[in-house]
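Right, one structure below, let's go through it.
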Amino acid sequence: MVELTGHHLTIKEIKDVLYNGVYVKAAKESLEAVEKSREAVEKIVKDQKVIYGITTGFGKFSDVLIDSKDVEKLQLHLIHSHACGVGEPFPEKVSRAMVLLRANALLKGYSGVRKVIIERLIELLNAHIHPVIPQQGSLGASGDLAPLSHLALVLMGEGEVFYKGKRLDAMTALAKEGITPVTLKAKEGLALINGTQAMTAMGVVNYIEAEQLAYESEAIASMTMEGLRGIIDAFDEDVHRVRGYKQQIDVAKRIREYLKDSELVTKQGELRVQDAYSLRCIPQVHGATWQALDYVKEKLEIEINAATDNPLIFDGGDKVISGGNFHGQPIALAMDFMKIAVSELANISERRIERLVNPQLSDLPPFLSPEPGLQSGAMIMQYAAASLVSENKTLAHPASVDSIPSSANQEDHVSMGTIASRHAHQIIQNVRRVLAIELICALQAVEFRGLEKMSTFTKGLYEEVRIFIPSIKQDRIFSKDIEQLTKWLHDIDWEKLSEELCLKNI
């Protein structure tokens, strides 16, 4: 059970809720803070104070006063008018993460919603009812308005949801689980949609996937080192210690561990004096990616516990301030940084693929073909990898450097953070396919070198993958192999598998 307080949620806990179906509850003390904040909103409405979004319109309409009898209608119109997302829906795990993060943010007690709003969000999570939320349509300030409006619709019994593997209207799913829709009161519609939870939810899923990919890339690179008879000296602890980057030191250490009993890696001068950069500089390049991922994780763990709506209510309602915490710039920059960093895992992987298949760069059979000339082997797999790498270069263009004014120039600078997070997700999928191609090629290369000479770790990995990816004895439709291995890299519990393989290596 994960207890939400609004202050202490971690990526590890989010992973448990998203991937392991762990149940969620709200902390009692946080609900008490929510009640006090709600009392302040009700007093504002009763006293007819002029407060943005409570007794006024939104955006450019902030100078239009709303009669107290119309405050509920104002919230309904807000959700209906803002639910204009377009395109394919976010992956279901991202939608689930949005619900979780929105509940956590409201539990901070600065948003002025009733307890029932948070209770309904948690009921959705525990019943595995996930809003269908279109991916496109958010500027990333004033929050993820369009995506989060589609989330809010479900609380009202409108819109669509994913439920038990089906896409259906929200009211049907709510009825099946005995969940009663809510009528939004003053401030509640605005509190639900004024935030960064779409880009942040996508960002958290991105981080979880990218972290696993980064670890997998090191294991795959280790097998490639054996296939190319790479020089292990470049991974010596002293080399990396004197530069000083912890992440670089850690990558080199893991690869030394993976290859410690290998008879295929070589010493400098044994076959050649030094390797190409795509082998020799694995710790430097992969380590730099880890540095970026550490930065991304830090920003995400701040944002998932942030109050990001507007206005915010302090001191029991004595201080109500319209600010800009909904602006997604911190996450936009983090996602753009992630895009570049993760792309590099594929860039260097593709260069290792080229060395595995190019007969001018190694003594392996041309294109790892069982019958060079008659059979093409891995020739076009390298093409596919090159194509994915090139596509990533366009997706890695920073979304955050763009801004288009909105709401009649009232909202004149926006983050485009949701675009950055969506593009980061696309890049991660491309990188996984490139790594799958490298692994297919590395499997073939080590067969040529001699399986009995592999390290215990890489031999264990070889055996795991060969269960469903057979050796290339003749040309076949390699697309199927790439997609199957890509799915395995996504689905496998890598932490558990690598631990088991490392234990064999002791």
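Enumerate the helices in the chain for which the Kyte-Doolittle hydropathy averages 0.0 or more and the C-alpha atoms extend at least 30 Å along the helix's axis, using complete DSSP H runs.
Long hydrophobic helices here: 197-227, 329-357, 417-449.
5 Å is the cut-off here: which amide hydrogens, built 1.01 Å from N in the peptide plane, fall below it relative to Phe90, excluding neighbours closer than 5 in sequence?
For Phe90, whose amide H was placed from the backbone, the distant partners under 5 Å are Ile133, Gln135.
Mind scanning Lys46/Lys319; Lys15/Lys339; Lys36/Lys185 and naming the pairs with a C-alpha gap bigger than 18 Å?
Checking Cα-Cα distances, Lys15/Lys339 exceed 18 Å.
Take segment 166-212, compute every pairwise Cα distance, and split them into 10 Å bins from 0; I just need the percent in each bin.
20, 24, 41, 15, 1
What order do you get for Thr172, Thr458 when you list them from fewest to most C-beta neighbours inside 10 Å?
Neighbour counts put them in this order, fewest first: Thr172, Thr458.
If you take the beta carbon distance between Arg243 and Glu119 as r and set R0 to 45 Å, what does 1/(1 + (r/R0)^6) give as a FRET efficiency, to the nearest 0.05?
0.30
Counting other beta carbons within 10 Å of each Cβ, put Cys441, Cys281, Cys84 in order, fewest first.
Cys84, Cys281, Cys441
With a point put 7 Å past each Cα toward its Cβ, work out how far Asp402 is from Glu39 in nm, to one decimal.
Here the answer is 4.8 nm between the modelled labels.
Arrange Phe58, Phe457 by Cβ neighbour counts within 10 Å, fewest through most, would you?
Phe58, Phe457
Roughly how big is the chain's charge dipole about its Cα centre, with Cβ charges of +1 (Lys, Arg) and -1 (Asp, Glu), in debye to the nearest 20?
Roughly 300 debye for the chain.
When the Kirkwood radius is taken over all Cα pairs of segment 2-195, what Stokes-Einstein diffusion coefficient follows at 25 °C and 0.890 mPa s, in µm²/s?
Answer from the Stokes-Einstein relation: 146 µm²/s.
Just for the chain, what percent of DSSP beta bridges are antiparallel, to the closest 5?
Antiparallel bridges make up about 75 percent of those DSSP assigns within the chain.
If you place +1 on the Cβ of every Lys and Arg, -1 on the Cβ of every Asp and Glu, and leave all else neutral, what size is the dipole of segment 2-195 about its Cα centre, to the nearest 20 Debye?
180
State the Kirkwood hydrodynamic radius of segment 221-323 in Å, one decimal place, computed from all pairs of distinct Cα atoms.
16.6 Å is the Kirkwood radius here.
Say a paramagnetic label sat at a point 7 Å from the Cα of Asp250, along Cα to Cβ; which residues of segment 270-300 have their backbone N under 13 Å from it?
Only 286-298 fall inside the zone, counting backbone N under 13 Å.
Which trypsin sites (Lys or Arg not before Pro) does segment 252-353 hold that lie in a coil by DSSP with at most 13 other beta carbons within 10 Å?
Listed in order of number, the matching sites are Lys267, Arg272.
Translational D (Stokes-Einstein, µm²/s) of the chain at 4 °C and 1.567 mPa s when Rh comes from the Kirkwood sum over C-alpha pairs?
Value of D from the Cα-based Kirkwood radius: 53 µm²/s.
Determine, from the Cβ-Cβ distance of Lys46 and Gln410 and an R0 of 30 Å, the FRET efficiency 1/(1 + (r/R0)^6), rounded to the nearest 0.05.
Working from the Cβ atoms, E equals 0.60.
Determine the distance separating the Cα centre of segment 308-328 from the Cα centre of segment 15-85; give it in Å without decimals.
With segment 308-328 and segment 15-85 each reduced to a Cα centre, they are spaced 11 Å.
Can you give the FRET efficiency to the nearest 0.05 for Glu447 and Ala27, using r as the Cβ-Cβ distance and R₀ = 56 Å?
With R0 = 56 Å, the Cβ-Cβ based efficiency is 0.50.
Quick one: Cα centre-to-centre distance for segment 386-460 and segment 125-197, in angstrom?
Cα centroid to Cα centroid, the span is 29 Å.
Go ahead and estimate [θ] at 222 nm for the chain from helices alone: -39,500 (n - 2.57) per DSSP H run with n ≥ 4, summed, over the residue count, rounded to 500.
-18000 deg cm²/dmol
The numbers here are math on the coordinates, done by the rules we state, and not lab data. Every value quoted in this text rests on a predicted model; they were computed, and no experiment measured them. We place every Cβ from the backbone using ideal geometry, glycine too, and count neighbours over all the protein chains shown.
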